1. In region 228-252, what count of residues is obtained for those that are in a loop (DSSP other than H, G, I, E, B), polar (S, T, N, Q) and without any contact (Cβ under 8 Å) to a residue 40 or more places away in the chain?
2. Mind checking which residues of region 105-136 are more than 22 Å from Ala77 (Cβ to Cβ), in contact (Cβ under 8 Å) with a residue 24 or more places away in the chain and small (Gly, Ala, Ser)?
3. Residues of region 212-227 being part of a loop (DSSP other than H, G, I, E, B) and open to solvent by 30 Å² or more (accessible area, probe 1.4 Å), which ones?
4. Does region 58-66 contain at least one residue that is crowded, with 20+ Cβ neighbours inside 10 Å, under 30 Å from Pro212 (Cβ atoms) and of a type in the set (Lys, Arg)?
5. So, of the residues in region 137-177 that are over 17 Å from Asp57 (Cβ atoms) and open to solvent by 80 Å² or more (accessible area, probe 1.4 Å), which turns out to be farthest from the chain's Cα centre (by Cα)?
Amino acid sequence: MAEQQQAPADAPAWYKEPCMLGIDEAGRGPVLGPMVYAVAFAPISRGADLKKMGFADSKTLNEDKRDKLFEVIQREAAAGQGGCLGHAADVLSAAVISGKMLGRERTSLNALAFDSTCQLIEGVLAAGVNLAEAYIDALGDTTKHRERLSQRFPGVTFTVEAKADATYPIVSAASIVAKVTRDRALRDFALEERTSGPAISTQFGSGYPADPDTKRWLEASIDPVFGFPSLVRFSWSTCNPLLEQHAVPVKFECDADEAPGQQVLSFRRAAGGGGGGGGAAGPPGGAASSGAGRHSFFRARKLQRAQLAF
């Protein structure tokens with residue numbers, strides 16, 4: 001069974017009823033801003049009430065309608081015993097996304113999405129909610145995604161579908177939470193990188209790579225040395241050509257595993273004794289390799305190639 005925690009004493013009574021949750025995201029594709037995963041949860045017995053509230057896929061609603069429905073969600077959550085809806089969001093900043101995708105142990109966007117989904121479910125369970133059903137809006141192989149979630153959270157019945165936000169009101173509510181949270185994060189983002197000269201414009205369009213306004217904003221916001229502001233997901237392929245065109249070139253050491261002429265650290269003692277030259281097999285006096293031409297894995301750990309002779 002999924003590990004439901006004891007509900008706090010002040011938790012709404014409906015937490016103990018069989019509940020359902022919905023999860024959806026906003027901002028998976030844009031080159032700007034955070035990716036937001038959100039969850040909404042409610043008693044299964046109140047499903048008809050959710051339909052009456054008018055929840056729908058956030059992409060089909062204008063900003064004013066989304067904001068009003070988000071206020072409804074917040075009121076329900078604040079109503080405590082008298083409400084019937086809870087929500088939470090996980091905001092992954094552009095810097096976090098790019099850092100994970102380009103880090104030493106690279107993490108794909110799909111893996112980040114799965115981790116975020118699991119964290120939201122764990123949060124609902126940790127709050128003491130009696131979770132019975134979960135509806136997830138997902139792309140790609142939905143069957144595999146459902147199987148992984150079912151293994152992670154046994155006892156919860158999962159429905160994983162593309163466009164679930166247009167089918168299930170509980171997912172529609174999560175979609176609205178995710179979209180409004182992302183829109184407000186973009187609106188309120190403080191561009192602090194530029195301390196002198198003209199301020200960076202906030203007229204960046206939709207944030208999607210194909211948007212001409214977004215493309216113009218990216219080009220205008222590049223610092224020739226430090227690159228893009230932290231609002232930008234610099235791991236996106238859109239960014240590399242712009243950096244090559246507008247930023248200062250930077251040359252790095254070769255990352256080849258076996259670069260020609262790579263130095264070798266030798267443990268063989270010189271014929272005359274006294275601490276050991278490696279002859280032609282290594283640098284004079286047994287000095288450590290500079291690391292030039294070696295893979296970053298070995299340079300970071302200060303590992304040297306060794307040659308033993310006894």
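The values are calculated or read from the model by the stated rules, or taken from the named source; none is laboratory data. None of the values given here were measured: they were computed from a predicted structure. Cβ: placed from backbone, ideal geometry, glycine included. Neighbour counts: every protein chain shown. Ligands, DNA and RNA are excluded from the accessible area calculation, which covers all protein heavy atoms including side chains. Shrake-Rupley method; radii C 1.70, N 1.55, O 1.52, S 1.80 Å.
1. 1
2. Residue satisfying the conditions is Ala113 alone.
3. Selection gives Pro224, Val225, Phe226.
4. yes
5. Thr157
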